[in-house]
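Read the structure below first, then the notes.
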Amino acid sequence: MTKMRKFAVLTRAKNAEVHKGEIPEVGDNQVLIKQEACNICTTDFGQWLGLREHQPYPMAGGHEGAGIIIAKGKNVRDGLSVGDHVALAYDYCGECTACQTGRTSECIEISNPFKDKNDEGYYGHLGFATYNVKDANAVIKMNSKLSFSEAGFLEPLATVVNGLKRLRVTALERVVVIGAGTMGILNALAATAYGTEVIVTEMMDKKIEAARSMGLNVIDVKEYDPVEKVKELTNSEGADAVILAVGATKANDQALEMVKHLNGRLLLFAAGYPAPELHVDSNLVHYRKMELIGTYGADICDFNKSANLLNDGKVDVSKLIETKVPLEKIQKGYEIASTQGSYRVSVLLQEESE
């Protein structure tokens, strides 16, 4: 097997290159993955656009990846075997206080790839690499019937699962999702799988059509006032919970109005750059017994639940793949991914991938 790998690197805004380097040795608790696909997420193309300059260069990014195990260390659990299709979770030590209480996303013992360079002098997770060595505890087995591009949705869906857990959604509740981008639709599909009644609000025709093609109830905000329409659809009561899948001041204002008067819950799922404003005073939160809930990332339990949703077909992400591009054309992939209205662009990392 080759000892070299190729991987995509952002060297500055609007410039993605393909570099080469040696494949690291596989440790006793690690697996070597032949990575087949990695999807470009908002964080990736946000830095490519120059909107996240707090993230350093050179960034060998990508974290929505999937592939095949081709080697494993001697201590790796029996549940992972050579030939398994897998997707990637976050690294964690499993021993610190956060990990011991299940909050693996808050582990502070693992180096931060956005702050610490690897031995080759790059930042990032190297998701856009042809081969990658990962700790086995951060590798999740996936259904081989899923395409690798679909399996790459493990991470974004896990963040949705984490948010829904924090939001405490229950069956038969009425949930509004503001925004029908990739993460908005993922929130809507997962909430539907949980048995809730979901309403999506959106203004872009392409996204409205996409959401409706997946069976979602969508309010076209060009035709209707979203607050009034939500009230109409909920017998004037308002939504039990609102998920903000758009980071925008106007969306925040709408959420505060469309959530039910008492005991309503708002999940601040999306970030925005520059940071959106939230026009709410503490008295309003106090008297309405309102909850404002933040969410970010996912714990290993969320990754496992995400895998179950994908592997069992309870959440179908096939229509969220905008297009696929080979690694050598990742610059074009960023251009497509950053175009308004685009869904996930999947970067194929092997010459004959999928």
**Report entry** Packing rank of 188-201, 283-296, where each peptide gets the mean count of other beta carbons within 10 Å, highest leading
**Finding:** 188-201, 283-296
Report task. Subtracting the Cα-Cα distance from 0.36 nm times the residue separation, let me have the gained length for ILE336 to TYR273 in nm, one decimal. Result -> 20.7 nm
Query raised in the report: Averaged per residue, what accessible area in Å² does the chain show with a 1.4 Å probe, protein chains only?
Result: 46 Å²
Query raised in the report: Of (1) 20.5, 65; (2) 32.5, 115; (3) 21.6, 71, which one was derived for Rg and Dmax of the Cα atoms in Å from the structure shown?
Result: (1)
Report task. Can you figure out the FRET efficiency of LEU262 with ASN308, using R₀ = 35 Å and their beta-carbon distance, to the nearest 0.05? Result -> 0.55
Query - Fully extended contour minus Cα-Cα distance, from TYR296 to LEU80, at 0.36 nm per residue - result: 75.0 nm
Query raised in the report: Which peptide among 203-215, 232-244 comes first, and what is the full order, when sorted by highest mean count of other Cβ atoms within 10 Å?
Result: 232-244, 203-215
Query - With every protein chain in place, the chain: carbon and sulfur % of accessible area (1.4 Å) - result: 47 percent
Query raised in the report: Taking only DSSP H segments of four or more residues, each worth -39500 (n - 2.57), what value at 222 nm results for the chain once the sum is divided by all its residues, to the nearest 500 deg cm²/dmol?
Result: -7500 deg cm²/dmol
Query raised in the report: Label-point separation (nm) for ARG168 and ILE70, each offset 7 Å from Cα along Cα-to-Cβ?
Result: 4.8 nm
Query raised in the report: In percent, what relative contact order does the chain have, based on Cα pairs under 8 Å that are 6 or more apart in sequence?
Result: 20 percent
Report summary line: Given 269-275, 103-109, the highest-first ranking by average Cβ count within 10 Å works out to 103-109, 269-275
Report summary line: Shape call for region 154-296, from the Cα gyration tensor axes a ≥ b ≥ c (a/c under 1.5 means rounded, otherwise prolate when a/b beats b/c, else oblate), comes out rounded
Report summary line: So the FRET efficiency between GLU209 and SER111, C-beta based with R0 = 56 Å and rounded to 0.05, is 0.85
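The values are calculated or read from the model by the stated rules, or taken from the named source; none is laboratory data. Since this is a predicted model, take the numbers as computed values, not measurements. Cβ sites come from the backbone with ideal geometry, for glycine too, and all protein chains shown count toward neighbours. Areas reflect the complete protein model, heavy atoms only, side chains present, ligands, DNA and RNA absent. Shrake-Rupley method; radii C 1.70, N 1.55, O 1.52, S 1.80 Å.
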